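Only one structure is covered here, and it is reproduced in the block below.
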Amino acid sequence: MTKRIKYDPDNIFAKILRGDMPCVKICEDDDILAFMDIFPQSKGHSLVIPKRAKATMIFDIDPDELSGLTLGVQKVAKAIDKALEPDGVRIVQFNGSESGQTIFHIHFHIIPVYAGAPVRPHAGGAPADTAVLTEIAAKIAAAL
Ligand code: 5GP
């Protein structure tokens, strides 16, 4: 069974939600915040997180909050598809460190995939340039 982890209110995404850490925001509503992944696996790699849920994984999020989260994922994925015109879009959600999860505030990855451009490894490498991420986020936001 996947090892459960107690929600830590000081995880990176909780800090971003409180404004204690910066992020390159795409959009937000009552339910979700969408922002650029700082170690993008491809151009436009975005994260969508619930604003209210204090959930670490799919197992412990309230169904209504999950519903708001997945609707937000669909909205942002559509905007990414329109703005960046990838050849495909990968949507990923990890549960537990054994699966690859590194931040324990439930979230979805939206990873555009481009023909001939391999998707880079998960959660590694050098952080992306903030100015570049800001430009991409603005393009996605304009397509919402
Ligand atoms: P997980 O491994 O939990 O599924 O995904 C966490 C994601 O958060 C990774 O893709 C990683 O690149 C990203 N990440 C880690 N630290 C930060 C940060 O400080 N800001 C942003 N925007 N993304 C981060």
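Checking the structure you have, find out if any residue of segment 9-25 is closer than 22 Å to Ala142 by Cα and open to solvent by 70 Å² or more (accessible area, probe 1.4 Å). Yes: segment 9-25 contains one or more residues that are closer than 22 Å to Ala142 by Cα and open to solvent by 70 Å² or more (accessible area, probe 1.4 Å). The condition of being under 30 Å from Gly116 (Cα atoms), away from the ligand (no atom under 11 Å from the Cβ) and of a type in the set (D, E, K, R) holds for only one of Lys43, Lys6, Lys51, that being Lys43. Residues in segment 77-96 that are within 12 Å of the chain's Cα centre (by Cα) and open to solvent by 40 Å² or more (accessible area, probe 1.4 Å): Arg90, Ile91, Gln93, Phe94.
One residue stands out in segment 104-126 among those that are within 15 Å of the ligand (Cβ to nearest atom) and in contact with a Leu (Cβ under 9 Å, 6 or more places away or on another chain): the one that is farthest from Glu65 (Cα to Cα), namely Pro112.
The residues of segment 8-34 that are over 21 Å from Asp62 (Cα atoms) and acidic (Asp, Glu) amount to a single one, Asp20. Taken over segment 4-30, residues that are of a type in the set (Val, Ile, Thr), part of a loop (DSSP other than H, G, I, E, B) and closer than 16 Å to Thr102 by Cβ amount to 1.
Yes/no per residue for (1) surrounded by 15 or more Cβ atoms within 10 Å (Cβ to Cβ); (2) modelled with pLDDT under 95; (3) farther than 15 Å from Ile32 by Cα:
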| residue | (1), (2), (3) |
| --- | --- |
| Met57 | yes, no, yes |
| Lys75 | yes, no, no |
| Val113 | yes, no, yes |
| His122 | yes, yes, yes |
| Ala128 | yes, no, yes |
| Lys139 | yes, no, yes |
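Would it be correct to say that Val73 is assigned to a helix (DSSP H, G or I) and within 16 Å of the ligand (Cβ to nearest atom)? So Val73 passes the test. Scanning segment 26-54 for residues that are open to solvent by less than 50 Å² (accessible area, probe 1.4 Å) and among the aliphatic types (A, V, I, L, M) yields Ile26, Ile32, Leu33, Ala34, Met36, Leu47, Val48, Ile49, Ala53.
Sort out which residues of segment 43-102 are of a type outside the set (Ser, Thr, Tyr), under 17 Å from Arg120 (Cα atoms) and in contact (Cβ under 8 Å) with a residue 40 or more places away in the chain, and write them in order of number.
Result: Lys43, Gly44, His45, Leu47, Pro86, Gln101.
The values are calculated or read from the model by the stated rules, or taken from the named source; none is laboratory data. Because the structure is a prediction, the values reported are computed rather than measured. No Cβ is skipped: glycine too gets one built from the backbone with ideal geometry, and neighbour counts run over all protein chains shown. Heads up: the accessible areas ignore ligands, DNA and RNA and are worked out on the full protein's heavy atoms, side chains in. Shrake-Rupley method; radii C 1.70, N 1.55, O 1.52, S 1.80 Å.
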